[in-house]
Amino acid sequence: MDHTYTTIRVPVAASVREVISAVADKLGSGEGLIIVKMSSGGEKVVLKPNDVSVFTTLTINGRLFACPREQFDSLTPLPEQEGPTVGTVGTFELMSSKDLAYQMTIYDWELFNCVHELELIYHTFGRHNFKKTTANLDLFLRRFNEIQFWVVTEICLCSQPSKRVQLLKKFIKIAAHCKEYKNLNSFFAIVMGLSNVAVSRLALTWEKLPSKFKKFYAEFESLMDPSRNHRAYRLTVAKLEPPLIPFMPLLIKDMTFTHEGNKTFIDNLVNFEKMRMIANTARTVRYCRSQPFNLDAAQANKNHQDVRSYVRQLNVIDNQRTLSQMSHRLEPRRP
């Protein structure tokens, strides 16, 4: 299988048809080419010619392949898509949890500030209906998944039980600091990483966690409780003043729920009640950003180049099956 790669320059909102044309220019021929989105687990999707923003909708370790249609069945993921084979605990255990949370929050603010409110509308009603990109929103949502898988990857790549307990403590501390910085997106991503089945099943590791940390984690999990339409989370957020980074997947879920549960037109008239509900969710995003995120003076004076680089280049395994297999190797199922 030919796994050579080529680099092309196209607008972020380019359609698949334009991508194929750019690839064809590079290769000197584009006869019968298709563009395939391939995940690290080998799931393949042939993209439609009118699909747009295909680069930003890739999964974390996803890649785009161009090939003739007849080669589709023989396409396999690249070895690099599998992710790391060695954890980075040696690097980030030396970094303070507060510094890591702070640098994560700065990066998340950069991503969040780039998301235009209209992208929420395009995402909800379907990009194809507007021929518009939701690239900034896509990247921000991908960041959530990246942090979640970072937690699972590091724990599953750590073969020493005592080190794994230290890692659990570290992630719980980072989550607590993210919450202090009102970065609820990363806070939830870390907590969801810890509650991923590949981590939560490691009973021998969890039982060695000091009770103080178990208590913190139980409190964090209760905030994630989805009952009564995520009431625990909504009550917490209602008490917070901006600037804050909301739990973005829930905002998207709210908008999708409103859109799919209500008709846009009733008797050929616009359903303004539906539009008002969607506008309210978009207004939440505006409210969260209505005050600028001010740099923490104590943090700003530190030289955090290493921490900054680390949190912006997380290397993760995003294949749940692989992570579960690794977890079972660490602690085999009890008979």
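Summary of values
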| quantity | calculated |
| --- | --- |
| Accessible area per residue in Å² at 1.4 Å probe, computed on region 196-298 | 62 Å² |
| Label point distance in nm, E207-H3, each placed 7 Å from Cα along Cα→Cβ | 4.1 nm |
| Packing rank of 259-265, 34-40, 10-16, where each peptide gets the mean count of other beta carbons within 10 Å, highest leading | 34-40, 10-16, 259-265 |
| Sulfur and carbon atoms: percent of accessible area, the chain [1.4 Å] | 54 percent |
| Extended-chain gain in nm, criterion 0.36 nm per residue less alpha-carbon gap, A300 and K214 | 27.8 nm |
| CD proxy at 222 nm, helix term only [per DSSP H run n ≥ 4: -39500 (n - 2.57); per residue of the chain; nearest 500] | -17000 deg cm²/dmol |
| Computed FRET value (nearest 0.05) for A279 with T76, which takes r as the C-beta separation and R₀ as 41 Å | 0.35 |
| Whole-number accessible area per residue in Å² for region 43-115, which is evaluated in the context of all protein chains at 1.4 Å | 49 Å² |
| Under Karplus coefficients 6.51, -1.76 and 1.60, residue-wise ³J(HN,Hα) of region 248-258 in Hz, glycine/proline x | 4, x, 6, 4, 5, 4, 4, 5, 5, 4, 4 |
| Using θ = phi - 60° and Karplus 6.51 cos²θ - 1.76 cosθ + 1.60, couplings along region 235-247 (whole Hz; Gly, Pro as x) | 5, 5, 5, 4, 8, 8, 8, x, x, 8, 9, x, 6 |
| Cα centroid of region 69-127 to Cα centroid of region 21-58, whole Å | 20 Å |
| Full-stretch length increase - K131, Q160 - with 0.36 nm per residue and alpha-carbon distance subtracted | 5.4 nm |
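The values are calculated or read from the model by the stated rules, or taken from the named source; none is laboratory data. Bear in mind the structure is a predicted one, so any value in this text is a computation, not a measurement. Cβ atoms come from the backbone with ideal geometry, glycine included; neighbour counts cover every protein chain shown. All accessible areas refer to the heavy atoms of the entire protein, side chains included, with ligands and DNA or RNA removed. Shrake-Rupley method; radii C 1.70, N 1.55, O 1.52, S 1.80 Å.
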